Structure formats: C-alpha cells, structure tokens
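Computed from the coordinates by the stated procedures, all read-outs in this text should not be read as laboratory data. Just so it is clear, the structure is predicted and the values come from calculations on it, not from any experiment. Please note: Cβ atoms are built from the backbone with ideal geometry, for glycine as well, and neighbour counts cover all protein chains shown.
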Amino acid sequence: MTFFHKHPYQPFIQEDTTKLIVGTLPPPRFSTGDLLEKDVDFCYGSYYNSLWLFIDKIHNLNFRYDNSEEAIIERQQFLIQHKIGVCDIVESAEREKIDASDLGMTNIILRDILGYLKEYPNIDTLLFTGGNSKNGPEYFFRKHLKTYNLKLEVLSNEVPRIHQFNMNTESTERIIKTVSLTSGSGAANISISRLPLYKHLKASNPDFNTFDFRVMQYREFI
C-alpha cells in the first residue's frame, strides 16, 4: 500500500520577498504530525536536515529547536526580515516506503513555481536545497521550466552551481538567478568529501567538517 505524501505547508512568501528557498518535501512525519522532540512544525523543521542549523550558525540566532509556536515564529521573523521566502517544488507524491528519500517518490505533482514568480515580482533568486540529481529540486525545476519552453543557462559550474533564466515579457525584462546549494541531507556528505575545495580545507584544518563546509557555502546566499 502506498503512502500519499502531501506537502504540509503552504508557500511562505511576502510581497517584498527577493529570494526563494526551493526544496522538495519535508520528511513524511511532518505530514502525519508525528514530530520528533527537536522538530519545528514549519518549513525545513527537521532537526536532522539542518538548514536552520546553518542559518543559526551564520547569523548567530540561538534558535529554539522544539515543537513550540515560538520556534515557528522565530524562523518566520528571520525570513521576513531578510526578504526570504520558502516554496518547495513538490505539492505531493506517493511512496512505497515511508521515508524522506527523494528517489522514493512516484506520481509526483509539482507546484507552479513560475506562477508564484509572476505573482511576486520582487523575487530575483531561487535557492535550491539540492542539485540536479534525479528528483532533486533543480531537477524538478528544469522539468517545470520545460513546460513553459524555458531553460536554465549556466553562469558557474563550480559547486554551488549557478544558473539563470529569462522571464521577460513584452513590458518587463526579468532575469532570475538560481543557486543549487549542497543538500543538508546526510547522503550529500559523500559528494562534499569528494570536492577538491573540501579536501583542501580539510587538509589545512583537520577539524573542518561537512557542516562547516555548508555553513561557508550558504553564508554567501542566505
């Protein structure tokens, strides 16, 4: 019997949002309400997929990590203050196995990210929390763009890879930049460990780890 995995959160976007964080789906427990003690009932609320840990470290915020309303409000206030929104690209999927694997998703329904970009004209940057591997956010976004006969153009092939696409209309010129940040998942640690930059930094400082690498990478964009 398959598990119907529906995204538990609506997009979090304000009129003045300029950057949009785009992932896939939170772990199934966020849809079923079976939160762990340190989970926050909000976008990227899993303590073990550490986007908020990176942001906390970068901005020295001392966030709460629990199921409280206060923990949600802290994160929302940060996003509003920094003009950052969150809109994951997957609305729903089915799973044979109830886990958080992107590869385990089938019968995937995508959200209309371009529709949101049209609705919120101040957004100029998309921050993917993962790359172009199958069922990652960049992978899905490329499929989404194809339905509009648009495609990404490479600006930088170094990690994090940076692209852009053109959303020009007859009356306005609009270029949207995309940044494919390294996923916060444990599985991404293997790919980080193979990067020449990571190897160099690790050789210079044996205490340097994959968490530090993500903090260094995310600091430029969040």
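Compute, for the range 1-94, the length of the dipole vector about the Cα centre, with Cβ point charges of +1 (Lys, Arg) and -1 (Asp, Glu) only. Units Debye, rounded to 20.
That gives the range 1-94 a dipole magnitude of about 280 debye.
Can you compute the modelled spin-label distance between Leu201 and Gln77, with each label point 7 Å from Cα toward Cβ, in nm?
3.0 nm
Below 8 Å between Cα atoms, with a sequence gap of 6+, how large is the relative contact order for the range 52-136 in percent?
Answer for the range 52-136 is 19 percent.
Which residue, Gly184, Asn209, Thr125, has the largest displacement toward the positive end of the dipole of the range 82-222 when charges sit on each Cβ (Lys, Arg +1; Asp, Glu -1)?
Among Gly184, Asn209, Thr125, the one farthest towards the positive end of the dipole of the range 82-222 is Asn209.
Just how large is the dipole of the range 71-126 about the Cα centre, in debye to the nearest 20, putting +1 at every Lys and Arg Cβ and -1 at every Asp and Glu Cβ?
180 debye
Please list, in order, the residues from the range 69-88 whose amide nitrogen is less than 17 Å from a point placed 7 Å along the Cα→Cβ vector of Glu15.
Residues 80-85 fall inside that zone.
Explain nothing, just compute: Karplus ³J(HN,Hα) = 6.51 cos²θ - 1.76 cosθ + 1.60, θ = phi - 60°, for every residue of the range 194-210 in order, whole Hz, x for Gly and Pro.
Coupling constants for the range 194-210: 8, 6, x, 4, 4, 4, 5, 5, 5, 5, 6, 9, x, 7, 5, 10, 5 Hz.
GNM on the chain, C-alpha springs below 10 Å: top fluctuator among Phe165, Phe208, Phe141?
Phe208
Normalised by the residues of the range 1-159, what does the relative contact order come to in percent, with Cα pairs under 8 Å and at least six apart?
32 percent
Filter the cross-link list Lys6/Lys134; Lys83/Lys118; Lys6/Lys57 down to pairs whose alpha-carbon distance in this structure exceeds 24 Å.
Lys6/Lys57
Quick check: residue separation of Tyr48 and Asp99 times 0.36 nm, minus the Cα distance between them. What number comes out in nm?
Taking 0.36 nm per residue and subtracting the Cα distance, the gain is 17.0 nm.
Rounding to the nearest 20 debye, state how big the charge dipole of the chain is about its Cα centre with +1 on each Lys and Arg Cβ and -1 on each Asp and Glu Cβ.
800 debye
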